[in-house]
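A.B. asks: Here it is, the structure, as C-alpha cells.
The values are calculated or read from the model by the stated rules, or taken from the named source; none is laboratory data. Computed from a predicted structure; not experimentally measured. Methodologically, a virtual Cβ is constructed for each residue, glycine included, from the backbone with ideal geometry; neighbour enumeration extends over all protein chains shown. These area figures cover heavy atoms from the full protein model, side chains too; ligands, DNA and RNA do not enter into them. Shrake-Rupley method; radii C 1.70, N 1.55, O 1.52, S 1.80 Å.
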Amino acid sequence: MDFDFPEDIVNARKKAQEFARKEINSEMAKKYDRLEKFPEELRKKAFEYGIIDYQNPWSMLVTIEELCRADAGLGISATVSLFGAEVIMLFGSDEQKQKYLSMVQNGDKIMGLAVTEPGGGSDVAGITTRAVEKDGKYIVNGAKMFITNGTIADFFVMLIRTEEVEGKRHHGLSAFIVDSDLPGFTKNKLSGKLGVRATNTAELILDNVPVPKENLIGEPGKGFYYIMTFFNISRAYVAAQAIGIAQGALDRILEHLNRLTKEGKTALAEEVQFLASDIATRIEASRLLAYKAASYLFQFRPNPTLTSMAKAYASETATFAAEKALEITGYSGITGDLERFFRDSKIMEIWEGTSEIEKLIIARNLLKEYAEVNQ
Ligand SMILES: Cc1cc2nc3c(=O)[nH]c(=O)nc-3n(C[C@H](O)[C@H](O)[C@H](O)COP(=O)(O)OP(=O)(O)OC[C@H]3O[C@@H](n4cnc5c(N)ncnc54)[C@H](O)[C@@H]3O)c2cc1C
C-alpha cells in the first residue's frame, strides 16, 4: 500500500496551484460572484495552460481540488465545460465521440448534462420530459431545471423518457445528445442562486425539439443506468470540489491563527488551534475516502458505496469548515472570502445527489451486503 501520488500527479497539483496563484484572486472572485458572470477567459486560459485533461482523471481530480481551494465559483467554471462527457465516452458511438467529444476536449466548445426537472432532481426515475419518434427524428417536449452551463453549452447529454413501462419507472428512459441551437430549444438563465454564482445555471425548455435519431446514446431505455454510472464518476469530482473549499477555509483559518499568535492573543489562538486541528483531520479523512473511491473508479471497478461516502462526507466537511472559519474570523471573515466559501460549500451538499440521497445509497448497499452474508 502506497499513499503517495506518483510524480506526474504531484506535478499536476503543483501546476494547478501555480495557475490558481497567477489567475485567481479575491477581487476577481468577488467580482464574478457579485455579477454572477461566467469567467470564459479563465476557462480558456485553463485549457491553454494545459491543466484540463479529462483523459487523465487523477490529474483532473487534484486540479479541481486546487482551483476550488482558490475559489469554487471560478474553479468549477474553469473545469466544468466537459460536464457529462463520460456518458458519451462510455456509451456513445464512435461517430458521436468523433463529432462531439473532439469539440469539447480542446476547450473550443462547452457541454452540459441535463437530468433535473422542475418537478425534482432526486427522483431521477420520475422524469417527464418526453421524446416521441416521428419521421426519423425524436420530437422532444418538456423542461430541465438548474442546468450547469445552461445558456452557454453547445450541446447537452439529456435524460428523456421514451417509453412508459408499468411498475418500472426507471425503465423507458433514454440518453440523447441534444444540440442547443435546435428549433424549439429555449434557455433561461437563473440568477440569485446561493453559491457558485460565477457558474452558469439555467432552465431549459424543449418545445417540439427535433433530435436526430443518431443522437440517441447507446440503447433506448438504458438511460437511467448510464446516468447512474455517470453520477458515480461525477460524485468523486464533487468530493474534490468540496475538499478544495474546506482546504481554502483552513488556509484562511491558519492565516488568522498566525496573526493572533504574532499579536500575542494566546487564549483566542488556542481555541483556533483546536478548530484548525479538527478541520485538518476531517479534510484528511475526506481525501482518503475520495482518493480510495476514485482509485476503484479509475480502474473501472466502481464502488458506489465508497463514492457516496466520499461525496457526502467531503461536502459536509466543506460546510463545517467554511461555517467554523466564518465564525472564528469574525468581521474579516464575514466581509472577505469566507462568506463566499460559506455559500459555495452548501451547494456541494445539494448537487449530484443531496447528502440524504447519498446516505440512502450507502444504507441500501450496506443492507444488501448484510442480506448476502446472512441468507
Ligand atoms: C447550482 C446547481 C447546479 C446544478 N446543476 C445541475 C446540472 O448541471 N444538471 C442537472 O441535471 N442537475 C443540476 N442540478 C440539480 C441538482 O442535482 C438537484 O438540485 C439535486 O439533485 C436535488 O434535487 P432538487 O433540488 O430537485 O431537490 P428534491 O429532489 O426535490 O429534494 C428536496 C429535498 O428532499 C430530500 N429528498 C428527496 N428525496 C428523498 C428521499 N427519497 N429520501 C429522503 N430525502 C429525500 C432531498 O435530499 C432534499 O433535501 C444543479 C443544482 C444546483 C443547485
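A.B. asks: Mind giving me the FRET efficiency for K262 and I334? R0 is 30 Å, r the Cβ-Cβ distance, nearest 0.05 is fine.
C.D. replies: Details: r = 22 Å, r/R0 = 0.73.
That gives a FRET efficiency of 0.85.
A.B. asks: OK, next. Could you check what % of the DSSP bridge pairs in the chain are antiparallel, to the nearest 5?
C.D. replies: Numbers: 29 of 36 bridges.
Looking only at bridges with both residues in the chain, the antiparallel portion is about 80 percent.
A.B. asks: Only helical DSSP H runs with n ≥ 4 go in: add -39500 (n - 2.57) per run for the chain, normalise by residue count and round the 222 nm mean residue ellipticity to 500 deg cm²/dmol. Mind dumping the intermediate values first?
C.D. replies: On the way: 12 runs with 205 residues, N = 375.
After summing the helix terms and dividing by the residues of the chain, the value is -18500 deg cm²/dmol.
A.B. asks: When only the heavy atoms of the protein chains count and the probe is 1.4 Å, how do Y370, Y237, Y49 rank by accessible area, highest first? Could the numbers behind the result be given before it?
C.D. replies: On the way: Y370 140, Y237 20, Y49 55 Å².
Ranking Y370, Y237, Y49 by accessible area, largest first, yields Y370, Y49, Y237.
A.B. asks: Moving on. Would you kindly state how much longer the chain becomes between F5 and Q299 on full extension, computed as 0.36 nm times their sequence separation minus their alpha carbon distance, in nm to one decimal? Intermediate values should be presented prior to the final figure.
C.D. replies: On the way: separation 294, 0.36 × 294 = 105.84 nm, distance 1.53 nm.
Gain on stretching F5 to Q299: 104.3 nm.
A.B. asks: Please list, short to long, the whole-number percent of alpha-carbon pairs of the range 191-235 in consecutive 10 angstrom bins beginning at zero.
C.D. replies: 18, 28, 40, 14
A.B. asks: For the range 120-137, what does the Karplus curve 6.51 cos²θ - 1.76 cosθ + 1.60, with θ = phi - 60°, yield as ³J(HN,Hα) per residue in whole Hz, taken in order and with x for Gly and Pro?
C.D. replies: Karplus values, whole Hz, x for Gly and Pro: x, x, 5, 8, 4, 5, x, 4, 10, 4, 10, 10, 10, 6, 7, 6, x, 10.
A.B. asks: Regarding the chain, what is the average projected area of its C-alpha convex hull, in nm²? Show your work: numbers first, answer last.
C.D. replies: Numbers: hull surface 82.9 nm².
With the hull built on Cα positions only, its mean projection is 20.7 nm².
A.B. asks: Taking the chain as a Gaussian network, Cα atoms linked when under 10 Å apart, which of V165, V209, V272 shows the biggest mean-square fluctuation?
C.D. replies: In this elastic network of the chain, the residue with the biggest mean-square fluctuation among V165, V209, V272 is V165.
A.B. asks: Please list the non-local residues whose amide H lies under 5 Å from the amide H of E117, H modeled 1.01 Å from N, same-chain partners needing a gap of 5 or more.
C.D. replies: M145
A.B. asks: Further question on the same structure: For the range 120-243, what is the largest minus smallest coordinate of the Cα atoms on each principal axis, given in angstrom and ordered from greatest to least?
C.D. replies: 45, 31, 23
A.B. asks: To test your reading of the geometry: what angle, between 0 and 90 degrees and rounded to tens, separates the Cα axis of helix 26-35 from the longest principal axis of the chain?
C.D. replies: Roughly 40 degrees between the two axes.
A.B. asks: At a 1.4 Å probe, what is the % contribution of carbon and sulfur to the accessible area of the range 1-151? Numbers along the way, then the final one.
C.D. replies: On the way: 3500 of 7090 Å².
In the range 1-151, the share of accessible area belonging to carbon and sulfur is 49 percent.
A.B. asks: Let a ≥ b ≥ c be the square roots of the eigenvalues of the Cα gyration tensor of the range 1-118; is it rounded (a/c under 1.5), or, if not, prolate (a/b larger than b/c) or oblate?
C.D. replies: On the way: a/c = 1.85, a/b = 1.14, b/c = 1.62.
Cα axes put the range 1-118 in the oblate bin.
A.B. asks: Return a whole-number percent for the relative contact order of the chain, with Cα pairs under 8 Å and 6 or more residues apart as the contact set.
C.D. replies: This gives 16 percent for the chain.
A.B. asks: For the range 284-375, what are Rg and Dmax over the alpha carbons, in angstrom?
C.D. replies: Expressed in Å, the Cα Rg and Dmax of the range 284-375 come to 16.4, 58.
A.B. asks: Give me the 1.4 Å probe accessible area per residue for the range 272-362, excluding ligands and nucleic acids, in Å².
C.D. replies: Value returned for the range 272-362: 43 Å² of accessible area per residue.
A.B. asks: What whole-number value in Å² describes the accessible area per residue of the range 87-221 for a 1.4 Å probe?
C.D. replies: 44 Å²
A.B. asks: Moving on to the next point. How much accessible area per residue does the range 7-79 have, in Å², with a 1.4 Å probe? It would help to have the intermediate numbers written out before the result.
C.D. replies: Numbers: 3270 Å² over 73 residues.
I get 45 Å² per residue for this part.
A.B. asks: Once phi is turned into ³J(HN,Hα) by the Karplus curve 6.51 cos²θ - 1.76 cosθ + 1.60 with θ = phi - 60°, what whole-Hz value does each residue of the range 313-318 show in order, with x for glycine and proline?
C.D. replies: With coefficients 6.51, -1.76 and 1.60, one gets 5, 5, 5, 5, 5, 5 Hz.
A.B. asks: Taking only Cα atoms and a 10 Å spring cutoff, compute GNM fluctuations for the chain and point out the largest among T199, T317, T261.
C.D. replies: Taking springs between Cα atoms under 10 Å, the residue moving most is T261.
A.B. asks: At most 16 other Cβ atoms within 10 Å and a DSSP loop assignment: could you name the GluC sites (Glu not before Pro) in the range 116-208 that fit? List each step's numbers first, then the result.
C.D. replies: Numbers: sites: E133, E163, E164, E166, E203; in loops: E163, E164, E166.
Filter output for the range 116-208: E163, E164, E166.
A.B. asks: So for the pair D278, L101, with labels modelled 7 Å out along Cα→Cβ, what separation do we get in nm?
C.D. replies: Label-label distance for D278 and L101, simple model: 4.5 nm.
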